[in-house]
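We did not get these values from a lab; they are worked out from the coordinates using the rules stated. For clarity, every value in this text was computed on a predicted model and none was experimentally measured. Quick reminder, even Gly has a Cβ in these numbers, built from the backbone with ideal geometry, and neighbours come from all protein chains shown.
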Amino acid sequence: MKYLDEFRDPELARTLLDQIEATVTRHWVMMEVCGGQTHSIIRNGIDKLLPPEVELVHGPGCPVCVTPLDTIDKALAIASQPGVIFCSFGDMLRVPGSDRDLFRVKSEGGDVRVVYSPLDAFRIAQQNPDRQVVFFGIGFETTAPANAMAVHMAKTHGLTNFSMLVSHVLVPPAIEAICSSPTNRVQAFLAAGHVCSVMGYADYAPLAEKYHVPIVVTGFEPLDILEGIRKTVLQLEAGRAEVENAYPRAVQRDGNPDARRMLADVFAVTDRNWRGIGMIPGSGWELSEKYRDFDAAYRFTVTGIVTKESEICRSGEVLQGLIKPNQCEAFGTLCTPRKPLGATMVSTEGACAAYYNYGRFTESEGAPR
Amino acid sequence: MTIDLSGWSCPLPLRDEPNIMLGHGGGGKMSAELVEHLFLPAFDNAALRSLGDGAVVAGASRLSISTDSFVVHPRFFPGGDIGELAVNGTVNDVAMCGAVPRYIAVAFILEEGLPMQELGVIVDSMARAAKAAGVALVTGDTKVVDRGHGDGIFITTTGVGVLADDVEIGPDRARPGDAVLVSGTIGDHGMAIMSVREGLDFESTIKSDTAPLNHMIATLLEAGVEVHTLRDPTRGGLAATLTEIAVASGVGVLIDERSVPIDRVVQSACEMLGMDPFHVANEGKLVAFVAAEDAERALAVMRGFEIGTRAAIIGEVVAGHPGMVVAKTAIGSTRVIDTQIGEQLPRIC
Amino acid sequence: MCLGIPGKVIEIYERDGAHMGKADFDGIVKEICLEYLPEIEVGDYAVVHVGFAITRLDEESAMETLVLMKQMGVLKLELDPDAALAAEARIALDGEHR
């Protein structure tokens, strides 16, 4: 595929790895905050090819994993209501709530539908005027413009049977929360490429300066990730702490102005509880007052939700990069993708699932080179 | 996609009823009409014609038996339909131990209201698939369930094949040093279904690869290839198949990702939906574990078939990491290939 | 949260009052929303995420990135003259194919 294959070239990958190896002189800890990048790193085995001095820590970049438990429970309650058509991205179907997931709701008779795009949910609402259609609007800033458009179109078309359960999360506050944590080890960040395609990267400059961390906007293909790491190592070795763009073909400094305008209209900043981490102020988006009518949290009264997390699940520590998935006692034994204890084991972008699915094989077992 | 049912013309007296009715499953006159005017003409063979409760057929000292149910939705998809799938699927399962498939028994569960024309086209597909595979549908059963209780049509096929005395092929027979081959591109069937699945549909040229593999297997054996294991990677895809064999044989499997053949458009579809081609179903491909020295000969045999032109050697069996399938990635690292949990879902991350 | 795939815009139209189009993902054609890229033209490439084009892909920038990476490799290989010659030949050949 054009724009994909070229950025998977093994020889160029080797070149970049050699450059990283030649540049690094001491141990550095860097974090990527993007589930898509986590997935790519582990699926391509990039972490296994990096020199041992470069430590990659996987951050809370999986919106599926960080959706607060009570939001999931709310979604389950709404999806169980008779007459509701509950639409969601595929990722969310297996995320465990307090006692079940959307798959179970489907098996019990709920009309739960996987959609590729939020506009599909809008069309389902148009085609089913006598049913309430609810879309589960999760994601980082990358997905927000799509979700915003669906709500905007519902409003302009006067649909009374469409609403959205919103749980958007923002990257910069997450980076700030990680940097300001007393146990933080992270010295640099790879910023999520497509988040920056939408939002630009001006917001990261104050963070880079305040915490003296390099922040490099990075793409997703193996060469993009290696290039992001290479630029990061160069900065760290030189003692610099700047925002740099290693994904220029898809990211401009100001992002996408049309998208940002829509986002400012449809969403309002709010405090958000990140599952496994806790409350991060100003780290989420909810529907603005102008669009309050389309907020499923208001349209549906759901009471009696008692949230209960697994007591042995350590996904919070994994999400903050404090432990690696295979350092959790339950990893691979009590907690597997088949019977996940927490969200990081469910979503294929969750670090635990990625480790389990792709990364179980290590050098000690005689890995070929 | 538009389904062309026009090629089938409905014989009297079935023409009087455009849809399947409960009576067609009642065992009375209507059932008999369905057999006489639909199933018999389509599947026509001596054993079936005698219309006994069971078919009497010639046997052998060793038999291979397999059964499978087919509930695919939508029932007509690019490249095939549920009927063709039901015949090829069972032919292949029977053939994977090296047996020659001979007979098929078929059970239909039809939903009241299923258009007769659709049933006719499906039965025709089955007849053609059986002929291409060289098997006979010798006995069957039909039940009809109330409207709303059956999703149109469910088909169960049970196949019987004869196994020569000197053939020993099974999932537990793979050995370190064996070459691993696949007979063609992976992911075609699953993505063909995805392309017409509601909510995810997209325009593409992807077609299901449903096909009988018994002729290819027979030729492999005739050519003297030392075959240890055969399996068709259906649900769960190549990943599930390789893992099952690795576990059953207590060996490790090492794959070179770049050598696994994938159709360009299937690859794009997987990229777009965030799916791994290794987890996507195939219905006309086989995986073969053969003695290392026979690898090239096996490859040549496969490539001699129209359904095998993209056959490739994709890896080898190793003694290390037993039960685990490891792939060398395109950029030279390694990753584990594992079975997925349940349904494969498209992702946004 | 970033499964954004490059697609080539092959058609542009209005639907339900929104700027929509069709994108070709190397053989797969799907309808996408172009509201956020009002200036995009048929033949351009865009990153598409959940059915929305979120940014145009800059061909020149992509090429530059690849060339820079290639040059990094050549610089290292200059220590070995044979390998350097081979590398230069590769880049020249690649240039032909583009």
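Some observations on this one:
- Residue by residue along B:321-328, Cβ atoms of other protein chains within 10 Å of the local Cβ number 3 on average.
- Computed helical MRE - 222 nm, chain A, DSSP H runs ≥ 4 contributing -39500 (n - 2.57), nearest 500: -10500 deg cm²/dmol
- From the largest down, region A:89-246 spans 63, 37, 30 angstrom on the principal axes of its Cα atoms.
- Inter-centroid distance (Cα atoms) of region B:300-344 relative to region B:23-96, Å: 33 Å
- Inter-centroid distance (Cα atoms) of region B:132-183 relative to region A:87-154, Å: 38 Å
- Relative contact order, percent, region B:179-337 [alpha-carbon distance under 8 Å, six or more residues apart]: 42 percent
- Highest mean first, the peptides C:44-53, B:82-91 sorted by other C-beta atoms within 10 Å per residue fall in the order B:82-91, C:44-53.
- Highest-first arrangement of B:202-208, A:298-304, where packing means the average Cβ count within 10 Å: B:202-208, A:298-304
- Average beta carbon contacts from partner chains per residue of C:4-14, 10 Å cutoff: 3
- Here each label is just a point 7 Å from Cα along the line to Cβ, and for A:Asn326 and C:Glu59 those points are 4.5 nm apart.
- Label-to-label distance, nm, for residues given as A:Ala205 and B:Asp165 (7 Å Cα→Cβ offset): 8.6 nm
- Taking every C-alpha pair closer than 8 Å and separated by at least 6 residues, the mean separation divided by the residue count of chain B gives a relative contact order of 20 percent.
- Shape of region B:179-337, Cα gyration tensor, a/c cut at 1.5: oblate
- Here the contact order of region A:151-225, divided by its residue count and restricted to Cα pairs under 8 Å and six or more residues apart, works out to 28 percent.
- The mean number of Cβ atoms from other chains found within 10 Å of a Cβ in peptide C:19-32 is 6, as a whole number.
- Placed amide H near A:Arg113: partners under 5 Å, 5+ positions off or other chain: A:Phe86, A:Cys87, A:Ser88
- Candidate lysines - alpha carbon under 23 Å from B:Lys29, same-chain residues fewer than 8 apart omitted: B:Lys143
- Cα long-axis angle, helix A:144-156 against chain A (0 to 90 degrees, to the nearest 10): 20 degrees
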